[in-house]
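Participant: Sharing a structure with you now.
The values are calculated or read from the model by the stated rules, or taken from the named source; none is laboratory data. In this text the structure is predicted, and so the values were computed from the model without any measurement. Here the Cβ is made from the backbone with ideal geometry for all residues, glycine too, and neighbour counts use every protein chain on show.
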Amino acid sequence: MLVDYFVKGGAFMWPILATFAFGLIISFERFYSLAVAGVQTKKFLADVEDTLRDDGIDAAKEYCATSSSPVASMYHEALSRVDQGIDKVEKTIASAGSLEMAFLEKNQVWLSTVITTAPMLGFTGTVAGMVKSFNDIAKANDISPTIVASGISQALLTTLFGLVVAMIIQVLQNWFLTRIDKLIIDMEKSSVTLLDVLAEKNIK
């Protein structure tokens, strides 16, 4: 049934389908990247704090260098500035945190593009369908429902499919943004923990 609707939607259904496929590819990449980042970050924060408290700054830096967690590079940069004072460490955390946020938000713009483009393609298909209907009326010199049915059907189907694609990708993007916000909160909490541990070690 869906295949029949797709065919009846006309030529504009293909770019809508291509846009949907592109959006799903980006979504799979984001889902995998954020899921891995979340697991790695949770484990890293638990381990690095213990390493810092028990084995010292150098051991913590070595652990950061071997971890693939998004927070690890932020910790490594901060711990490398310990000899310059706690204020420098705090500034380094802020700078490194901004870079990590950019990494977490990577490819989100493409999802926004899909959300915007799919309905636009659908509406363009709608206009094309209505033009077809008026052309059919002009050729037949008649306005019977049978003559305009195919054009109107094409117009409605392209709009429907474009909106459905946009809604699906919008839901996925909102979920990704929620995950990103959680990871950012974890990073902010970890930076506070790092500064507290350094304060305990009398780093000025």
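Participant: When the residues of the range 84-105 are filtered to those that are charged (D, E, K, R) and in contact with a helix residue (DSSP H, G or I) (Cβ under 8 Å, 6 or more places away or on another chain), which remaining residue is surrounded by the most Cβ atoms within 10 Å (Cβ to Cβ)?
Facilitator: Filtering first and then ranking leaves Glu100.
Participant: Continuing with the same structure: Return the only residue of Leu34, Leu17 being touching a Lys or Arg at 6+ places or on another chain (Cβ under 6 Å), farther than 17 Å from Thr193 by Cβ and either part of a helix (DSSP H, G or I) or free of Cβ contacts under 8 Å to residues at least 60 places away in the same chain (or both).
Facilitator: Every option except Leu34 fails the conditions.
Participant: Which one of Ser67, Ser98, Ser80 is small (Gly, Ala, Ser) and in contact with a Phe, Trp or Tyr (Cβ under 7 Å, 6 or more places away or on another chain)? Break it down stepwise before answering.
Facilitator: Working: Ser98 fails: in contact with a Phe, Trp or Tyr (Cβ under 7 Å, 6 or more places away or on another chain); Ser80 fails: in contact with a Phe, Trp or Tyr (Cβ under 7 Å, 6 or more places away or on another chain).
The match here is Ser67.
Participant: Of the residues that make up the range 52-59, is at least one within 18 Å of Ile169 (Cα to Cα), aliphatic (A, V, I, L, M) and either in contact (Cβ under 8 Å) with a residue 12 or more places away in the chain or crowded, with 19+ Cβ neighbours inside 10 Å (or both)?
Facilitator: In the first step, residues of the range 52-59 are kept if they are within 18 Å of Ile169 (Cα to Cα); the result is none.
No, the range 52-59 contains no residue that is within 18 Å of Ile169 (Cα to Cα), aliphatic (A, V, I, L, M) and either in contact (Cβ under 8 Å) with a residue 12 or more places away in the chain or crowded, with 19+ Cβ neighbours inside 10 Å (or both).
Participant: From Phe176, Phe161, Phe134, Phe123, which residue is part of a helix (DSSP H, G or I) and at pLDDT below 80?
Facilitator: Answer to the selection: Phe134.
Participant: Let me ask something else. Just checking, which of Asp87, Asp83, Asp54, Asp136 is of a type in the set (Asp, Glu), under 30 Å from Met13 (Cβ atoms) and more than 30 Å from the chain's Cα centre (by Cα)?
Facilitator: Every option except Asp136 fails the conditions.
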